[in-house]
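The values are calculated or read from the model by the stated rules, or taken from the named source; none is laboratory data. Because the structure is predicted, anything quoted here is derived from the model rather than measured. Cβ: placed from backbone, ideal geometry, glycine included. Neighbour counts: every protein chain shown.
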Amino acid sequence: MTDAAIALTPPRRRARDRGARLRLWGYGLLGILLLAVGWELYKAIGPADGVVIGDARVLPRTSDLAMPHVWEMATRLLEPVTRAEGARPLWLEIVLAAALTLGIAAAGWVVGVVVGIALALVMQRWRLAESAMLPWIVLSQTVPLIAFAPLVRSWGSRIEIGAFEWQDWMSVAVIASYLAFFPVAVGALRGLQAPDAIHLELLRTYSVGWWATLRSVRLPAAVPYLLPALRLAAANAVVGAIVAEVSTGLQGGIGRLIIQYAGQASGDPAKAWAPIAGAVALGLIAAGSVAILGLIFRNYRRAEATQ
Amino acid sequence: MTPTSTPISTTITSAVSARGVDKTFSTKQGEVVALSGIDLDVAPGEFISLIGPSGCGKSTLLRIIADLDSPTSGTVEVFGTSAHQARLDQRYGIAFQQAGLLPWRTVAGNIALPLELHGVGPAERAARVDELVALVGLGDFAQKFPDQLSGGMQQRVAIARALAEKPALLLMDEPFGALDEMTREYMQTELLRIAAETGAAVVFVTHSIPEAVYLSDRVVVMSPRPGRIADIVPMRLGRAADRADDLREDGAFFEMITAVREALHGTPVSGPRGVETR
């Protein structure tokens, strides 16, 4: 019977998905390879002083100072940070700094997600709240982070409640959460408003209240909207944490290293690129971790496949 | 109050009793009268079909009985209480044209939804779901997700869900409208069996004359602009529960189809557009 045939299709589809995923990884690696080849190609054939139109340099210089060879940057990672006795290898220094930044960004992400979902719930529950708050939420993202970061730090330093004392990393986490909450608030609101009318009507015939409707229909229906929002929030939290580290002057994170090593670039050009690569990897790890959430919640994404 | 706790009385309360129901919608083009002067009684256990062309208000009437819309004037009582109270008391189960299953829940999870929302314990819930899955003939599919089922199977799950709390009234809004003809005939026979087994009264909206004739004890023929009841045609085809597929080739069946068609054509306005005669 056809019913049985229908029931049998999913495993085959899953196998096809696995093949597609491997191919995606392949394309990803190919992209990185192409980037490296492009870099070297431009360095080999590009003019030494870059391309200047008027006063603006539209393409960079190709000197070893501005664009070190890919392999120089790679080998530099394995060498010690400084010539001092017992100095750690550069890669380890980058990993340690990245771990600190990741921790702060994760704290910021959690705060941002909680605040974002809370705002979305309030806006979904009351129409008035949506029209009152949504413009401000959008506006909040136009405030320049650089201007905002020192303020947070100075407000924070005045907070002291009993044994609790405001730490500098908390300012950085707050700024990271400021960037992270936005996609979550907007995505979660879209998601909470996404359920089919027929589902909401069905729940009405069951004469259940807002909470039960939220739990059994709105939140599950929001998952396909929430997952990309959470991934965006993760990337935003990393960017926010790095920028905030720079502008609040927090020691030990990858943001600080970017500034510090850039200062040493004239003597050690390959070194300056290491924390930048570290920051990129950090963003990928953060966004990738959220993909695991997608696997956990995959039953809630079935609607994506059918509709 | 549940139906079983009601003391048996000599006067039988109607499953549905509508008196002078009017419904007016305000649109940009002005007032639209969807229903006008509807009087209707549905006896307990009776199978009633509402049939008529598009725009005759048959779905609106069903929604008013379900308390998803309220009448502009007139009253609707369901088992002697107001439609609103009947909804709060879960006196009816409902199925729509689309199955409307939650895609993230399994077949069993979807059927269990109303029980879960009304605080039925896990053990009792599982037992009831097993019964219902068997009733609609989906025993092997309880753990499948809706996207793994055909349209007919999804609709059967929706019917099982509507029956979950043993309602004495089943409201159905063109539940088989999206199914192919063969699945549809199969589902009609299944529905007759299920209605007989549960003893529920059914109010069934359709625009297919053979479907209405095959299923119903009485067919309520409606006419549009304004929506009102043109005629109520009793089906002299024996008890609905005893009907089977061979009835579709019976002479009496065609007589009843003719009777319903004449009732539809007998209306003074433009005629039964949008009514399927297949």
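At pLDDT 85 or above and either closer than 21 Å to A:GLY283 by Cβ or touching a strand residue (DSSP E or B) at 6+ places or on another chain (Cβ under 6 Å) (or both): does that describe A:VAL111? In short, yes. A:GLU245 satisfies every condition listed in (1) closer than 19 Å to B:TRP104 by Cα; (2) crowded, with 20+ Cβ neighbours inside 10 Å; (3) acidic (Asp, Glu) except (1). Within the range B:146-167, being of a type in the set (A, V, I, L, M, F, W, C) and within 11 Å of chain A (Cβ to nearest Cβ) holds for B:LEU149, B:MET153, B:ALA158, B:ALA162, B:ALA164. The residue that is nearest to B:GLY20 (Cα to Cα), among those in the range B:233-248 that are surrounded by 15 or more Cβ atoms within 10 Å (Cβ to Cβ) and in contact (Cβ under 8 Å) with a residue 60 or more places away in the chain, is B:ALA240. When the test is whether a residue is in a helix (DSSP H, G or I), in contact with a helix residue (DSSP H, G or I) (Cβ under 6 Å, 6 or more places away or on another chain) and surrounded by 19 or more Cβ atoms within 10 Å (Cβ to Cβ), A:VAL239 does not pass it. Restricting attention to the range A:17-47, the residues being touching a helix residue (DSSP H, G or I) at 6+ places or on another chain (Cβ under 8 Å) and among the aliphatic types (A, V, I, L, M) number 1. Here A:GLY112, A:GLY86, A:GLY108 are screened, and the one residue that is farther than 30 Å from A:GLY38 by Cα and more than 28 Å from the chain's Cα centre (by Cα) is A:GLY86. Read through the list (1) out of contact with any helix residue (DSSP H, G or I) (no Cβ under 9 Å at 6 or more places or on another chain); (2) under 26 Å from A:LEU230 (Cα atoms), then give the number of the only condition that A:ILE276 fails. Of everything listed in (1) out of contact with any helix residue (DSSP H, G or I) (no Cβ under 9 Å at 6 or more places or on another chain); (2) under 26 Å from A:LEU230 (Cα atoms), A:ILE276 misses just condition (1).
Among the residues of the range B:130-181, the one identified as touching a residue at least 40 places away in the same chain (Cβ under 8 Å) and of a type in the set (Phe, Trp, Tyr) is B:PHE145. Restricting the search to helices (runs of 4 or more DSSP H) fully inside the range B:42-144 and requiring at least 2 residues that are outside the structural domain of B:PRO210 (by TED's automatic domain parsing) and buried (at least 17 other Cβ atoms within 10 Å of the Cβ) gives B:107-117, B:122-135. For the range B:199-211, the criterion of a residue being of a type in the set (Gly, Ala, Ser), part of a strand (DSSP E or B) and in contact with a Lys or Arg (Cβ under 8 Å, 6 or more places away or on another chain) is satisfied by at least one position.
Out of B:VAL205, B:VAL157, one residue alone is closer than 24 Å to B:VAL260 by Cα and surrounded by 24 or more Cβ atoms within 10 Å (Cβ to Cβ). It is B:VAL205.
Does the range B:66-80 hold any residues that are of a type in the set (Asp, Glu), at negative phi and within 14 Å of another protein chain (Cβ to nearest Cβ), and which are they? The answer is B:ASP69, and nothing else. Restricting the range A:192-221 to residues that are part of a helix (DSSP H, G or I), more than 10 Å from chain B (Cβ to nearest Cβ) and touching a residue at least 40 places away in the same chain (Cβ under 8 Å), the residue that is surrounded by the fewest Cβ atoms within 10 Å (Cβ to Cβ) is A:TRP210.
The single condition among (1) more than 13 Å from the chain's Cα centre (by Cα); (2) farther than 17 Å from B:ARG243 by Cα; (3) buried (at least 24 other Cβ atoms within 10 Å of the Cβ) that B:TYR214 does not meet is (2).
Residue-wise test of (1) at positive phi; (2) within 20 Å of the chain's Cα centre (by Cα); (3) touching a residue at least 40 places away in the same chain (Cβ under 8 Å); (4) assigned to a helix (DSSP H, G or I).
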| site | (1), (2), (3), (4) |
| --- | --- |
| A:THR142 | no, yes, no, no |
| A:ILE146 | no, yes, yes, yes |
| A:ALA149 | no, yes, yes, yes |
| A:VAL152 | no, no, yes, yes |
| A:GLY156 | no, no, no, yes |
| A:SER171 | no, yes, yes, yes |
| A:ALA176 | no, yes, yes, yes |
| A:PHE182 | no, yes, yes, yes |
| A:GLY187 | no, yes, yes, yes |
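Evaluate the range B:13-26: report whether one residue or more is surrounded by 15 or more Cβ atoms within 10 Å (Cβ to Cβ), among the aromatic types (Phe, Trp, Tyr) and either in contact with a Cys (Cβ under 8 Å, 6 or more places away or on another chain) or away from every other protein chain (no Cβ under 14 Å) (or both). No, that holds for no residue.
Among the residues of the range B:164-186, those that are part of a helix (DSSP H, G or I) and out of contact with any helix residue (DSSP H, G or I) (no Cβ under 6 Å at 6 or more places or on another chain) comprise B:GLU181, B:MET182, B:ARG184, B:GLU185, B:TYR186. Evaluating B:GLN143 against the criteria (1) over 20 Å from A:ILE198 (Cβ atoms); (2) in contact with a helix residue (DSSP H, G or I) (Cβ under 9 Å, 6 or more places away or on another chain); (3) more than 12 Å from every other protein chain (Cβ to nearest Cβ) leaves one unmet condition, (3). Given the options A:SER289, A:SER266, name the one that is in contact with a helix residue (DSSP H, G or I) (Cβ under 8 Å, 6 or more places away or on another chain), of a type in the set (S, T, N, Q) and either touching a residue at least 60 places away in the same chain (Cβ under 8 Å) or away from chain B (no Cβ under 14 Å) (or both). From the options A:SER289, A:SER266, the qualifying one is A:SER289.
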